[in-house]
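The values are calculated or read from the model by the stated rules, or taken from the named source; none is laboratory data. Nothing here was measured: the structure is a model prediction, and the numbers come from that model. Note that we place each Cβ from the backbone using ideal geometry, even for glycine, and neighbour counts take in every protein chain shown. SASA here: full protein model, heavy atoms, side chains in, ligands and nucleic acids out. Shrake-Rupley method; radii C 1.70, N 1.55, O 1.52, S 1.80 Å.
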Amino acid sequence: MSGGTALVNRPVITAWSAVSPFGIGRAAFTEGIRERRPAAAPLDDERWQAAGDRACLVPDFDLRTVLGKKGVRSMDRVTGLAVTTVARLLDDAPRNRWVATGEDAALVLGTTTGSVQSQMDFTRDSLTGEKPYLVDPARFPNAVMNCAAGQSAIWHQLKGPNTTIAGGHAAGLYALNYARRLLTFGRARTVLCGAVEEFSHSRSWLERHAHQPGTEGPAQLPGEGCGLLLVEQRGPDARGDADARGDAEQPVLAEILAVEMGIALDGGVRPALAACLRRALDRAQVRPEEIWAVSTSEAPGPSGEQERAAVAEAAEGADLVHLTQAALIGDTGAAAAAFQIAGVLVHAETTPEAAGRVALVTSVDRDGAVGCALLRLAGPR
């Protein structure tokens with residue numbers, strides 16, 4: 001599976017936001033990354049019946065406090081994270097809400113399975129409830145994978161294409177590639193693109209049983225959150241009325257040069273990812289030595305070793321700046337690649353030499369999905 005990026009009219013990232021273990025909003029994520037502040041904290045035993053006693057949670061995340069009392073009674077955590085992140089991005093600047101809502105605004109959201117906690121709760125109720133096995137119908141939408149994206153669109157008047165893509169740790173890159181296609185083929189004029197993952201005791205137990213210490217090494221602490229990008233076509237505002245607002249050119253943070261995806265068969269992460277990297281460099285017309293910074297998914301065990309080997313092979317001759325964050329915010333699952341891109345943008349904002357340079361983001365999932373993205377950074381504004 002792959003999708004190349006055209007050499008003209010490449011999409012650009014013009015804004016971003018995050019709800020992360022550092023806190024709610026872009027400023028909190030930026031501050032946490034720059035301070036290199038670990039976000040792990042003890043779990044409240046009364047609230048969480050998790051497999052471990054520590055995790056990287058979004059601090060003080062309460063739906064009623066963050067979103068208000070209306071419309072949140074049956075909302076689950078993953079939906080609340082997504083709705084909140086969309087709200088923060090739209091509210092960061094007046095222009096964001098102007099261009100990213102309405103008929104031409106799409107939302108593409110990556111996930112693992114949606115809310116595994118909602119799915120298990122609903123299934124349990126159907127088996128243990130009073131005959132004739134009554135369940136709360138208001139909670140059924142939460143058990144559907146695309147609930148978070150659908151609710152986000154309803155809350156924020158996003159009336160264009162609405163897509164959920166399941167891809168595990170690579171979900172953010174799958175979403176970015178899908179967003180690129182929507183823009184390329186005129187299906188949308190702006191795309192809110194990202195990925196979301198919630199922490200729950202169900203997820204923590206699934207991760208505990210799926211983890212293989214003998215081959216994957218020590219398990220990472222679980223994390224959660226949602227990272228979101230505003231992606232547009234380069235050039236004047238698509239709505240054609242930018243001049244009336246004195247905003248003829250969008251503020252570009254990075255140009256999306258290429259996004260490539262692949263599948264690693266039988267544990268062959270290195271050859272699968274190396275093939276993605278070669279295709280990306282070829283399509284973007286970027287030489288290996290031009291890569292300036294890299295953010296890997298920091299996959300544990302042999303998969304991570306193969307990921308690093310593939311990057312070293314593809315970027316031979318480059319003096320790479322390695323950007324890391326998993327030790328700070330934990331294993332954020334589907335949201336990981338979106339947070340990686342946000343971390344790259346944070347680094348570029350205060351690094352003068354980043355201007356015009358190329359950054360590489362790679363992702364590896366234990367189920368075989370691999371991918372990469374090449375971004376040309378705008379640097380400090």
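At-a-glance table
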{"read-out": "Highest to lowest packing among 214-226, 312-324, scored as the average C-beta count within 10 Å", "value": "214-226, 312-324"}
{"read-out": "The chain - mean residue ellipticity at 222 nm from DSSP helices (-39,500 (n - 2.57) per run, n ≥ 4, rounded to 500)", "value": "-10500 deg cm²/dmol"}
{"read-out": "Projected label distance in nm at THR65 and GLN157, using a 7 Å step from Cα toward the beta-carbon", "value": "2.9 nm"}
{"read-out": "Percent breakdown of C-alpha pair distances by 10 Å bin, ordered from the shortest bin, for segment 62-179", "value": "13, 39, 33, 11, 3, 0"}
{"read-out": "Descending semi-axes in whole angstrom, ellipsoid equivalent of segment 124-191, from the Cα gyration tensor", "value": "33, 15, 7"}
{"read-out": "Most mobile of ILE154, ILE329, ILE341 in a GNM of the chain (Cα contacts under 10 Å)", "value": "ILE154"}
{"read-out": "Kyte-Doolittle mean at least -0.5 and Cα axial length at least 15 Å: DSSP H helices in the chain", "value": "77-92, 171-184, 269-284, 336-349"}
{"read-out": "Highest-MSF residue in the chain out of ALA166, ALA334, ALA355 [GNM, Cα springs under 10 Å]", "value": "ALA355"}
{"read-out": "For the chain, built as a Gaussian network whose Cα springs stay under 10 Å, the top-fluctuating residue of GLY71, GLY371, GLY194", "value": "GLY71"}
{"read-out": "Within the accessible area of the chain (1.4 Å probe), percent carbon and sulfur", "value": "52 percent"}
{"read-out": "Percentage of interatomic Cα-Cα distances in segment 1-130 larger than 16 Å", "value": "75 percent"}
{"read-out": "Loop sites in segment 61-90: trypsin sites (Lys or Arg not before Pro), DSSP, at most 16 other Cβ within 10 Å", "value": "LYS69, LYS70, ARG73"}
{"read-out": "Sparse-neighbour loop sites [GluC sites (Glu not before Pro); segment 30-77; at most 15 other C-beta within 10 Å; DSSP]", "value": "GLU46"}
{"read-out": "Neighbourhood net charge (13 Å Cβ-Cβ; Lys/Arg +1, Asp/Glu -1) for ALA55", "value": "-3"}
